[in-house]
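*Asks:* I have a structure here, written as structure tokens, and I will follow up with some questions on it.
Where a number appears in this text, it was derived from the coordinates with a stated rule and is not lab data. Computed from a predicted model, the values in this text were never measured in an experiment. When we count neighbours, we look across all protein chains shown, and the Cβ atoms used for this are built from the backbone with ideal geometry, even at glycine.
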Amino acid sequence: MPPDPTYFVKIASCAFFAILFLQSGIDKVLDYKGNLSYFQDHFSKSPLKSFVGAMMPAITLLELASGVLSGAGAFLIPKHGEPFVAIYGIELCCLSLLCLFLGQRVAKDYAGASTLAIYMGVALITLMLLGG
């Protein structure tokens, strides 16, 4: 009997979100000034413009935590068969995506928001497959 195909999907989805959020979070850490400048400009005509300084460290930490837990989940599913960490990782990914989606909508970056909606769909499907 062939293995359950959702097994690979769970691992690959967790790895996908680990790459996505670790790269984004690490980029924000390594180029904090550049990212801060970008977001200050991005939100300059929105009600969030005065909150960018506080939002940057919060979204950076949220993205890094999402990536670390998703990556740990991708490792632990085949090692122990336990999706517990992966579920928390993908739940944090959903929270990260919701925060980013809100920012894009408030900034009226509808193209950016629509891209995030696709990621959110993948995250929700992954969460359902993980049993969370």
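*Asks:* Quick check on my filter: what residues within region 45-93 are aliphatic (A, V, I, L, M) and more than 26 Å from V106 (Cα to Cα)?
*Replies:* Of everything in region 45-93, those that are aliphatic (A, V, I, L, M) and more than 26 Å from V106 (Cα to Cα) turn out to be V68, L69, A72, A74, L76, I77, V85, A86, I87.
*Asks:* Further question: What is the one condition in (1) in contact with a helix residue (DSSP H, G or I) (Cβ under 6 Å, 6 or more places away or on another chain); (2) among the small types (G, A, S); (3) closer than 28 Å to L129 by Cα; (4) surrounded by fewer than 17 Cβ atoms within 10 Å (Cβ to Cβ) that S46 does not satisfy?
*Replies:* (3)
*Asks:* Which members of region 5-44 meet the condition of being touching a residue at least 60 places away in the same chain (Cβ under 8 Å) and outside any helix (DSSP H, G or I)?
*Replies:* Once the filter is applied, which keeps residues that are touching a residue at least 60 places away in the same chain (Cβ under 8 Å) and outside any helix (DSSP H, G or I), region 5-44 yields only F43.
*Asks:* Somewhere in region 50-72, is a residue more than 10 Å from the chain's Cα centre (by Cα), surrounded by 19 or more Cβ atoms within 10 Å (Cβ to Cβ) and over 29 Å from L129 (Cβ atoms)?
*Replies:* Yes.
*Asks:* Okay, next question. What are the pairs with Cβ atoms under 9 angstrom where one residue, in region 93-109, is β-branched (V, I, T) and the other, located anywhere, is crowded, with 18+ Cβ neighbours inside 10 Å and outside any helix (DSSP H, G or I)? Sequence gap at least six, or different chains.
*Replies:* Between residues of region 93-109 that are β-branched (V, I, T) and residues that are crowded, with 18+ Cβ neighbours inside 10 Å and outside any helix (DSSP H, G or I), the close pairs are V106/F43.
*Asks:* Would you mind stating whether Y88 is out of contact with any His (no Cβ under 6 Å at 6 or more places or on another chain) and exposed (fewer than 15 other Cβ atoms within 10 Å of the Cβ)?
*Replies:* no
Yes or no, residue by residue, for (1) among the polar types (S, T, N, Q); (2) closer than 24 Å to P57 by Cα; (3) touching a Pro at 6+ places or on another chain (Cβ under 8 Å):
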residue: E91; (1), (2), (3): no, yes, no
residue: S96; (1), (2), (3): yes, yes, no
residue: C99; (1), (2), (3): no, yes, no
residue: G103; (1), (2), (3): no, yes, no
residue: G121; (1), (2), (3): no, no, no
residue: T126; (1), (2), (3): yes, no, no
